[in-house]
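The values are calculated or read from the model by the stated rules, or taken from the named source; none is laboratory data. Note that the structure is a prediction, hence the values are computed from the model and not measured. Here Cβ is always computed from backbone atoms with ideal geometry, including for glycine, and neighbour counts include all displayed protein chains. For accessibility, only protein heavy atoms count, side chains too; no ligands or nucleic acids. Shrake-Rupley method; radii C 1.70, N 1.55, O 1.52, S 1.80 Å.
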Amino acid sequence: QTLEKAITSQKMQMAEEIQNCKEELDGRLQEYRDLEAAKKTEVTNLQSVIDLNTETVQRLEQNLAAKSSEVISLQSEIKQITCKMEYQMQKNEEEVEKLKDG
């Protein structure tokens, strides 16, 4: 009878230890799942940031291309104005020479 009590006591103790281990494992599993969900959320957020940055870079590249085109156009205008001014200055110098001679 004492042996039975000892065995029963041992079984109850082991069952309690098994239950404690199971609860601890369940807790760790839940922590892991929470961590996994947090990582997935973080990855999703980072992907959103990457997408926004990609859109920003594309917009900036388009703006740069437009500005480059604008600069080329302005350079062309400057050349035309410079040529006109040089031509006008030459005509003025010729006119001054004529007036000096005449």
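Taking the condition surrounded by fewer than 10 Cβ atoms within 10 Å (Cβ to Cβ) and of a type outside the set (Phe, Trp, Tyr), does residue 42 pass? Don't jump to the end; show me each part of the working.
On the way: surrounded by fewer than 10 Cβ atoms within 10 Å (Cβ to Cβ): no; of a type outside the set (Phe, Trp, Tyr): yes.
No, not satisfied.
Would it be correct to say that residue 4 is of a type in the set (Asp, Glu) and at pLDDT 95 or above? Working first, answer last.
Numbers: of a type in the set (Asp, Glu): yes; at pLDDT 95 or above: no.
So residue 4 fails the test.
Consider residue 36 against the criteria (1) at pLDDT below 95; (2) open to solvent by less than 100 Å² (accessible area, probe 1.4 Å): it satisfies all of them except one. Which criterion is unmet?
In the conditions (1) at pLDDT below 95; (2) open to solvent by less than 100 Å² (accessible area, probe 1.4 Å), residue 36 misses (1) alone.
Inside segment 1-15, can you point out the residues that are surrounded by 10 or more Cβ atoms within 10 Å (Cβ to Cβ) and of a type outside the set (Val, Ile, Thr)?
Within segment 1-15, 6, 9, 10, 11, 12, 13, 14, 15 qualify.
Which residue, of 18, 50, is hydrophobic (A, V, I, L, M, F, W, C) and open to solvent by less than 100 Å² (accessible area, probe 1.4 Å)? Working first, answer last.
Details: 18 fails: open to solvent by less than 100 Å² (accessible area, probe 1.4 Å).
From the options 18, 50, the qualifying one is 50.
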